[in-house]
Structure formats: C-alpha cells, structure tokens
Amino acid sequence: MTGPDGTDPGRDIAVVGAAIRVPTAGDLDAFWTLLTDGRDTVGTLPDGRWQPPEGPVPQASFLERVDEFDPVPFRISAREAPLIDPQARIVYETIWQALEDAGRTGQGSPDNRIGLWIAYSHDHYHEERSRHGVTDGRGLGLEAMIPNRLSYLMDWHGPSVVVNTLCSSSLVALHTAVQHLRAGDIDTAVIGGVHAAISPEYFDSMRDLRALSPTFRCRAFDVEADGFVPGEGAVAIVLRRRADAERDADRIRGLIKGVAVNHGGRTTRYSAPSPVGQREVIVAALRDAGVGVEGIGMVEAHGTGTSLGDPIEVEGLTRAWRGFTSRTQFCAIGSLKSNIGHLEPAAGLAGLVKVLLSLEHGVVPATLHVVRPNDHIRFEDTPFFVADKPVSWPRVVGAPRRAAVSAFGMGGVNAHVIVEEAPLPAARESLPQQSYVVKVSAASEDGVRRLAGGYARMLS
C-alpha cells in the first residue's frame, strides 16, 4: 500500500524516543539550544582526569563528569559500578533517558521482544584498570558484555549486539535494527552510541594516525580544514514500526524512510574514502525510502573537516543526486562536528538527533568555522549550499520535510539514512477537567524530586 506521496508507510520506522548527552548539553532541549546558539564545545582536559606525562593533551570536546553514575536503576552494585567502563555507564543512563522520552521504561511487550544495539569502538578503560592493578575479570573487558549486561538487567529478549565499524557504527546499528523491525523479529529497537577518551593512549593513537586538527577546530567544508577534533558523548534512540506507534498513540519524533550500508571496496589506500562507494550507499538508501531528492532540504554530512574527505563526500553526494535532479544549491548541508567534535562510533546517531530536532523546529542550525569554502568543492555546481548560518526550513503544503544523514567509517563501511518529519498526530477527544494526576517514580527519593522538578519545568 502506498501513501499519497507514493511511498510505502508500511515500511516506515518511527523514532519514538531520543536522548543525547554531550558537553554542556545533557538533554534534547539543551542540545537544541547549543545548536541554535552556535556554540563550539571544544576545550581543555577537565580536572580530575589523568595527568599526561609528556606535555598537554590536545583540546577536545570533553564531558565534565565521566565518573558519576547512579547504579541503582540498573541493579548494579556500588562495588562493581566503578569497575565498569565509564562509556558503558554513560550510554546506559542515556538509553534510560531515551526510554523515558518514549514512555517505555517498563516492559515493552508481553514477551519483551526488544532488541538492543550499542555502537562502541574503543575500550579505553582497559589501560586505566591495568594501571590500578584491576584485572578484567567478570567480563569487564569484553565489549559484547556492554549490551548483554543491559539486556539482562532489563529482561529484553531480542538481539543484544555491540557494533563496531568505527565512525559509521551507530548508523550501521540503526540499519540492522530497522531490518529486524521490518522483518517482524522484534517489536522495539533500542540503539545507543557512546564515545569518551578515558585514557591518554587514545590521543597517542590519534597522533599516530595524524588525524587530529592542530588548531583544535573542526572546519568542515572550509578551505582551512586541517583534521577532526575528538568529541565525547552518548546518544540513544527508541524505534518501533510506524503502524504500532500510531496504534498506541506514541509521540513520534520522526520517521526512518530508508537506510543502507555498504563497503567502499578497494581505494588508493586502506583509509582513503571512496566516492563511488559513498554514491552507491546514498542511492541505495534513496531507493529503500522510495523517494527522490528534491524534497530533501537538509543533509547532515559526515563532515570531519579534512582537506581530502570533505571534497570526496560532496562528490559522492552530488554523483548520487544527479541521478534524480539537475538543480543546484537547493539543499542545506552541514556538520555537527563543528559544534561538538567527532563522537566517532556515536557520530551518526548524534547527527540523526540533530536532524530530528531540525525537522521539528523547521530550522537548519549553522555549521561553524566556515569562512571560505574548500577550493576543491564547487558548491555552485552541486545541489548543496553550506548552512554557515541558520536556515529557515518552511513546510511545503502536501510535502513533508525530509533530510539525510551520512556516516563513513575509516575502514570503509558507509551508512546513509533518509529521515522524514513526524506525521501529524491523529485528533484525540479530550475531556476538560480541573486537574490531572501525573505519576512520577524513581529508584530513590532524590531521583523522584529531580524527575518531578523536570516535569514541573516542562509543564510550565
């Protein structure tokens, strides 16, 4: 069955919950304010981390408190909690926020057909445990235990998988989850992504790759682009089939229309991106969505801010879109990495959350640090213009807003997603009354007070 726009709503996957935690922004509202304020969160290493023996650590977008964790809701003992990788703790709490946003902190279905995918690529905490003489017993150093532990604690019976394709990990996780939902294997999918540079060895490895910006700024699409800046944070989303979400009157934040994953194959060198592979994955996602490109108003690019990668990405996008349109400069393109650095395995999911909020508010936030476009990108000959300032995104009657998100792994795994704004909710009859009861629960009295305060602020 096709909808009025020719697409098949039966294949649509609804985002019914989302959460994000990045420097200076611990929830969706604060994250949107960060974007609309045009803030760059890159700074120096916070107090309380390690003391580097050989000079200062490069600047990055650091979370202030990576050691704080409330283990009670997860039934983790106070003795075991400090031994668990802080990245796992951060993503557990962010997933919990996404479940709260979705109204699904309890059981999701009678047989708990809930799948969990967590994008995670570096066990930085192994070095810290070793330095303090703590062994990796009880599976502490096993990456697979990160999602498995949460599925066990939540009594979820669907797949429980860690995904590591480097920078494309979280969108690859999204792709897999969408396939399971469409196939009917599960009823709900939970996807998390996390990155935090817990040990100095991470920066040593990045120096060896010569990937970091010496000026500590991500200048995606700018002529002065000189590398990426690491970012810390966690992102989580909750997915359901659109029909199920609409049946249960879930609040839908957006629709996943199409998604594709591939590998770029052989290139000039192992870590070099492939414009052909990127073109192919974009075309595949458009075909999966059943849409053209002229209704897409925003592309959240991989946009790491490298002199080679940015032109190749725009070339791949242009090649893909030229199969659908000859128009020029009608779609905004940008990169969240100019605000919060590169969240590596979580980067794609962070870009998706930016897109969901942009669809909701009808504004494409500015990409920072673009003074003069890269000389190797002729934007005037492409369908794209750089959103170097906020761009109003008005709704066209009869045509939903759509956007695209890219993530490309250093090892060659590419992912692309087509997203559509949330459908208008069905009218529901309401009965007027003087007051309503809002039930609030948490694992502690302090938690109840904080949650009640959050509801009060939101309702006021």
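All conditions but one from (1) on the phi < 0 side of the Ramachandran plot; (2) modelled with pLDDT of 95 or more; (3) of a type in the set (Val, Ile, Thr) apply to residue 44; the one that does not is (2). Pick from segment 421-437 the residues that are of a type outside the set (A, V, I, L, M) and within 30 Å of residue 296 (Cβ to Cβ): which of them is modelled with the lowest pLDDT? Selected residue: 425. Take the conditions (1) over 19 Å from the mean Cα position of the chain (by Cα); (2) in a helix (DSSP H, G or I); (3) closer than 25 Å to residue 12 by Cα; residue 178 misses just one of them, which is (1).
How many residues are in a helix (DSSP H, G or I) and farther than 24 Å from residue 227 by Cβ when one looks only at segment 311-340? Going through segment 311-340 one residue at a time, the tally reaches 3. Would you mind stating whether residue 406 is over 30 Å from residue 263 (Cα atoms), touching a helix residue (DSSP H, G or I) at 6+ places or on another chain (Cβ under 9 Å), surrounded by 11 or more Cβ atoms within 10 Å (Cβ to Cβ) and of a type in the set (Ser, Thr, Tyr)? For residue 406, the condition - over 30 Å from residue 263 (Cα atoms), touching a helix residue (DSSP H, G or I) at 6+ places or on another chain (Cβ under 9 Å), surrounded by 11 or more Cβ atoms within 10 Å (Cβ to Cβ) and of a type in the set (Ser, Thr, Tyr) - is not met.
Considering the conditions (1) at pLDDT 95 or above; (2) part of a loop (DSSP other than H, G, I, E, B), residue 415 is excluded by exactly one of them, (2). Taking segment 195-227 as the range and being modelled with pLDDT of 95 or more, farther than 22 Å from residue 130 by Cα and part of a strand (DSSP E or B) as the test, only 222 passes. Listed by first and then second residue, the pairs linking a residue in segment 257-285 that is modelled with pLDDT of 95 or more to a residue that is surrounded by fewer than 16 Cβ atoms within 10 Å (Cβ to Cβ) and part of a helix (DSSP H, G or I), with Cβ atoms under 6 Å apart and 6 or more places separating them unless they lie on different chains, form an empty list.
Note on segment 438-459: residues that are surrounded by fewer than 10 Cβ atoms within 10 Å (Cβ to Cβ) and either part of a helix (DSSP H, G or I) or modelled with pLDDT of 85 or more (or both) total 4.
If a residue has to be of a type in the set (Gly, Ala, Ser) and modelled with pLDDT of 75 or more to count, how many in segment 120-172 make the cut? Selection size over segment 120-172: 8.
The values are calculated or read from the model by the stated rules, or taken from the named source; none is laboratory data. Bear in mind the structure is a predicted one, so any value in this text is a computation, not a measurement. So basically every Cβ, Gly included, is an ideal-geometry build from the backbone, and we count neighbours across all protein chains shown.
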